[in-house]
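Structure, as structure tokens:
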Amino acid sequence: MHDEGSGFPIVWIHGFPLSSAVFERQTSIAGFRHIRPDLPGFGRTPPDGTDASMESYAREILAMLDEKKIDRAVIAGLSMGGYIAMQLLRDAPQRVAGLLLIDTRETPDTEEGRAGRLKSVADVEANGIGSVVESMLPKMTYSESLQPEVRAIMETSSKEGVIAALKAMASRPDSSHTLRNAHVAALVVVGDRDVITPPSDAERMVATIPKAEMAPLARAGHLSNYEGAQQLNPIITAFLARHVLRPEHEA
């Protein structure tokens, strides 16, 4: 768990199979408190030995907010973290002051996608996380020069954490209705070279969310916040100034 800076809190929820390290480049955004948890079995957090779901991950985040006595926060989710952000919006909308949805999608897995995840579960159970890292790494960034450092982040994932997350993603619900009824502003970010959750997914979410803006990042892959931080950080700063800080000051 990283808790840095001061100001209005942003909770950064990482994707799969990653850790809070993927948001380190966002902590330079001034005027905000940056809270970066590692989900169970990822980064510095050991696996908890239980089955996971988007609901259980969301409960972890809410418990953390309660422990820190934070009533409301901007919720930022990358990829799988976006699924958790949408679950938080569904379970505790009063705690969500704004949404940053980064290279994610609101729809559930297709039957083919679900079968692929369960096949990966069997492989990880038998052989460890190596095949997941090797298959996903080339899709994470458009620039090959970043892949060694992204590999290092991915390799901090535990076998148990990866298996739990794969099962959780395979069973995640459709969040279309949740987004359609969202009452907070959302910034939908996507790398223009993302082949995992391409710009068409971002466009569909922007069309669904009543108060949404889209931020396409040039020459960036799935980890667009990491690869395109210089583009993204000023966009986030301006978005939050308009939709989170200003309403608070005017209240």
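Quick rundown of the values:
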item	result
Candidates H177, H183, filtered to the one that is of a type outside the set (S, T, N, Q), surrounded by fewer than 16 Cβ atoms within 10 Å (Cβ to Cβ), more than 18 Å from the chain's Cα centre (by Cα) and assigned to a loop (DSSP other than H, G, I, E, B)	H183
Residue match in the stretch 145-161 (condition: in contact with a strand residue (DSSP E or B) (Cβ under 9 Å, 6 or more places away or on another chain) and among the acidic types (D, E))	no
Single residue of P9, P46, P37 found to be over 28 Å from A241 (Cα atoms) and either touching a residue at least 40 places away in the same chain (Cβ under 8 Å) or buried (at least 23 other Cβ atoms within 10 Å of the Cβ) (or both)	P46
Residue satisfying all of: in the stretch 222-244; in contact with a strand residue (DSSP E or B) (Cβ under 7 Å, 6 or more places away or on another chain) and either at pLDDT below 95 or part of a loop (DSSP other than H, G, I, E, B) (or both); nearest to R25 (Cα to Cα) among these	G228
Top-ranked residue of the stretch 197-221 - restricted to ones that are within 23 Å of L89 (Cα to Cα) and part of a loop (DSSP other than H, G, I, E, B), ranked as nearest to the chain's Cα centre (by Cα)	T197
Test set (1) touching a residue at least 24 places away in the same chain (Cβ under 8 Å); (2) within 24 Å of F32 (Cα to Cα); (3) among the basic types (K, R) - R180 fails condition number	(2)
Matching residues in the stretch 11-53 - criterion: being over 26 Å from G130 (Cβ atoms) and in contact with a Lys or Arg (Cβ under 7 Å, 6 or more places away or on another chain)	W12
Test for E203: is it within 19 Å of M80 (Cα to Cα), of a type in the set (D, E, K, R) and surrounded by fewer than 16 Cβ atoms within 10 Å (Cβ to Cβ)	yes
Pair list, Cβ under 6 Å, 6 or more apart: the stretch 161-173 residue within 19 Å of M86 (Cβ to Cβ), other residue among the polar types (S, T, N, Q)	L166/S120; A168/S53
Elements of type strands (runs of 3 or more DSSP E) contained in the stretch 1-75, each with 2 or more residues being farther than 22 Å from I153 by Cα	8-13, 32-36
Residue in the stretch 103-123 that is within 26 Å of R33 (Cβ to Cβ) and either buried (at least 16 other Cβ atoms within 10 Å of the Cβ) or of a type in the set (A, V, I, L, M, F, W, C) (or both) present	yes
Counted residues, the stretch 95-131 - those being of a type in the set (S, T, N, Q) and over 25 Å from T178 (Cβ atoms)	3
Qualifying residue in the stretch 51-70 (condition: surrounded by fewer than 21 Cβ atoms within 10 Å (Cβ to Cβ), closer than 13 Å to A165 by Cβ and either among the β-branched types (V, I, T) or free of Cβ contacts under 8 Å to residues at least 12 places away in the same chain (or both))	no
Check on E160, at pLDDT 95 or above and either on the phi > 0 side of the Ramachandran plot or surrounded by fewer than 12 Cβ atoms within 10 Å (Cβ to Cβ) (or both)	no
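The values are calculated or read from the model by the stated rules, or taken from the named source; none is laboratory data. Remember, predicted model here, so these are calculated numbers, not experimental data. Here Cβ is always computed from backbone atoms with ideal geometry, including for glycine, and neighbour counts include all displayed protein chains.
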